[in-house]
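Only one structure is covered here, and it is reproduced in the block below.
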């Protein structure tokens, strides 16, 4: 391998890592908007939403909480989800995401 080949391989690997991170980050950054959408299709079928003491698994559980009277009452009262930039670590085919959300 030449120096140019090594350089190109390095750039390609870094680009793949950035693309992976962006693919993970984008859906998380849409969480605030989704948190007001009770329609089940707003959430991925295999989505997991782990909030403090409440773990919601799958589209149905998440949509049920979001569409609940209590949650919708909070939204109507001006409550909103604010999403900061998440911290994503990608290692091979695995990733760890630590989002920052407040409401």
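The values are calculated or read from the model by the stated rules, or taken from the named source; none is laboratory data. Remember, predicted model here, so these are calculated numbers, not experimental data. Cβ placement follows ideal geometry from the backbone for every residue including glycine, while neighbour counts extend to all protein chains displayed.
Here are the numbers for this structure:
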{"quantity": "Qualifying residue in the range 56-68 (condition: surrounded by 14 or more Cβ atoms within 10 Å (Cβ to Cβ), under 17 Å from the mean Cα position of the chain (by Cα), in a strand (DSSP E or B) and modelled with pLDDT of 85 or more)", "calculated": "yes"}
{"quantity": "Filter pass, residue 94 being closer than 17 Å to residue 46 by Cβ, modelled with pLDDT under 85 and exposed (fewer than 11 other Cβ atoms within 10 Å of the Cβ)", "calculated": "yes"}
{"quantity": "Condition check for residue 85: within 17 Å of residue 29 (Cβ to Cβ), modelled with pLDDT under 80 and surrounded by 11 or more Cβ atoms within 10 Å (Cβ to Cβ)", "calculated": "no"}
{"quantity": "Any hit, the range 32-39, residues being under 18 Å from residue 93 (Cβ atoms), out of contact with any helix residue (DSSP H, G or I) (no Cβ under 6 Å at 6 or more places or on another chain), at pLDDT below 80 and outside any loop (DSSP other than H, G, I, E, B)", "calculated": "no"}
{"quantity": "Complete set of residues in the range 52-94 that are touching a residue at least 24 places away in the same chain (Cβ under 8 Å), within 26 Å of residue 17 (Cα to Cα) and out of contact with any strand residue (DSSP E or B) (no Cβ under 6 Å at 6 or more places or on another chain)", "calculated": "85, 90"}
{"quantity": "Condition check for residue 78: part of a loop (DSSP other than H, G, I, E, B) and farther than 19 Å from residue 99 by Cβ", "calculated": "yes"}
